[in-house]
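This report refers to the structure that appears directly beneath it.
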Amino acid sequence: MIRFFRSLFPSRWVVLVLLFLLIRLPLLIFGLPATLSELHHVLLGERLHQGFTLYQDVYDTTAPLSAAVYWLLDIIVPRSYLAHRLLATFLLGYQAFLLNFIFNRNQVHPYKSFVPALLYMLFGSIFFELDVLSSLLIGHTFVLLAVSSLTAISKEASNAGRLFKAGFMLGLAALCYLPLIWFLVLGFFAVIYFASGAFRSTLLMLTGFLFPFSVVLTYFLYQNSLGAFLEQGLTWSWRFAFAFGLPFGQVMTIAALPLGMLVLSFLSLPLINLGPNYQARFLQFMLIWTIIVVLVLISGHDASVKGLIVLLPLLSYFGIFLFSWWGNRLWIAELLFLVVIVGVVAVRYNPLGLVYTALKIEPKRVQVQDHPKYQQVQGERLLVLGPDLNYYQNNSLGSPYLRWDLASPYFGRLNSYESLFTILQDLRNNPPSYIVDQQNLMPELQYKLPLIFQRYEKVENGPFYRRVR
């Protein structure tokens, strides 16, 4: 199969797309329940569609451009997990072909091929969490668009437009997922490697980078929510605290195959003759990219399998070297690639339910649970006092408190007048129909904020309180 995709005939990319869809679509359409991340995105888009303002009327740390995508999807196809997954599939495929085009245009490998796109699509489908339309996936698209502009610049004065565009794309990437701001460092090195007039070129790129930030800051200033944006949209992203959907050991088990291949690819580099000087320079550029990826992963507070997205360009670039140095023993490369395909399909589809059991992977930890206790109330506006989003699967968000880690500083300090006043202001004009009290806070809330919480009476079974007046 590697030999087949080493050609640039048009039939190759058609087969590549069909192979990608064959691996990805069955599980998207028929396979799995929604993930908690998707439920979170759907709730956020629905709340924004109802006319509420991000950060002010819904407490969340999702970057503004990603939130805008979820809002737009809810306008077009309300509460559609399939729409989210199809758009994620399109973005991943687009990224694969864009990166493949960048590599072939710049002749960074010993030969032009579709192998980088093949590796990108293959490892981008290794686990169902990569099907999620995450902020990282959206922002990573703009990173690759920026790299496309940065690596196309030359020694001519006409580079001004490309440099501004590259900075602009990096700014959009950071506004989708703030830790991607580290790629601005990669942009500086790209200017050094591929452009002339480093100081002027850097200023052009910085101007493009700051432009979308100035627009977003102006928007939130006019919405009277600039402080909330600075606190939740910017400051919160630098907590350096990790939230694991799956335990770290399970995340590393899933990542073992791509990480193992990446290590083997690094080890094969001394065996490859890079040829022209430009290829050696691009290798240095990709080694810096590797460092940036580590910084992004450390800075991001979402330490789930979705973080593999930023590894995909490294796998595409370095992976091709692993399949290139065998010479006449190409059958070894084909056998190795067959092992990779079997491993990816096995981890993705869990045949006979045996793979996850053997690897001790618990996918239900990140999936929406279809349990009767979550079905007692449907079609209502809820406030969930606790971290369990499953109660929202058939309901809508009835308060600003989408994330419990942002709400708990208020509900965890009910002896503070400031906390009580904030809760009162958030709920008095548009109270939810039901409250789900996971933390046993309602007795104290009814005593200290009777104007709001005395309207609710406890339902017999479960942690539900229903508004009666």
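The values are calculated or read from the model by the stated rules, or taken from the named source; none is laboratory data. The structure presented is a predicted model; accordingly, all values stated were derived computationally and were not measured. All Cβ positions, glycine included, derive from the backbone under ideal geometry; neighbour counts span all protein chains shown. Please note that ligands, DNA and RNA were not included when accessible areas were found on the heavy atoms of the full protein model with its side chains. Shrake-Rupley method; radii C 1.70, N 1.55, O 1.52, S 1.80 Å.
On a per residue basis, the chain carries 43 Å² of accessible surface, using protein heavy atoms and a 1.4 Å probe. Can you give the FRET efficiency to the nearest 0.05 for L295 and S80, using r as the Cβ-Cβ distance and R₀ = 30 Å? Once the sixth-power term is evaluated, E becomes 0.30. When Rg and the Kirkwood radius Rh are both evaluated on Cα atoms of the stretch 100-166, their ratio Rg/Rh stands at 1.06. With distances taken between every two different alpha-carbon atoms, the chain has a Kirkwood hydrodynamic radius of 24.1 Å.
The candidates T151, T290, arranged from most to least accessible area with a 1.4 Å probe in the full protein assembly, appear as T290, T151. Full extension of the chain segment joining T357 with Q439 gains 26.3 nm, where the gain is 0.36 nm per residue of separation less the Cα-Cα distance.
Axis of helix 36-49 versus longest Cα principal axis of the chain: the two differ by about 70°, to the nearest ten degrees. Note on the chain: with neighbouring protein chains present and a 1.4 Å probe, carbon and sulfur make up 65 percent of its accessible heavy-atom surface. Couplings 3J(HN,Hα) of the stretch 213-229, computed from phi: 5, 5, 5, 5, 4, 5, 4, 5, 5, 6, 8, 6, 9, 5, x, 5, 5 Hz, in residue order, whole Hz [Karplus 6.51 cos²θ - 1.76 cosθ + 1.60, θ = phi - 60°; x for Gly and Pro]. Size descriptors for the stretch 352-469, from the alpha-carbon set: Rg then Dmax equal 16.5, 56 Å. Placing unit charges on the Cβ atoms of the charged side chains and taking the dipole of the stretch 41-136 about its Cα centre, the candidate lying farthest along the positive direction among L86, A96, F128 is A96. Among the lysines of the chain, pairs at least eight places apart or on separate chains and with Cα atoms under 22 Å apart come to 6. Helix 160-176 and the long axis of the chain differ in direction by around 40°, with both axes built from C-alpha atoms. Dipole of the stretch 35-144 computed with +1 at Lys/Arg Cβ and -1 at Asp/Glu Cβ about the Cα centre; of N106, Y59, F142, farthest Cα towards the positive end is N106. Where the centre of each part is set by its Cα atoms, how far does the stretch 72-149 sit from the stretch 381-438, in angstrom? One Cα centre to the other: 36 Å.
Take the Cβ atoms of L221 and D405, set R0 to 30 Å, and the FRET efficiency comes out at 0.70. Let me have the relative contact order for the chain, percent, based on Cα pairs under 8 Å that are six or more residues apart. With pairs under 8 Å counted, the relative contact order is 18 percent.
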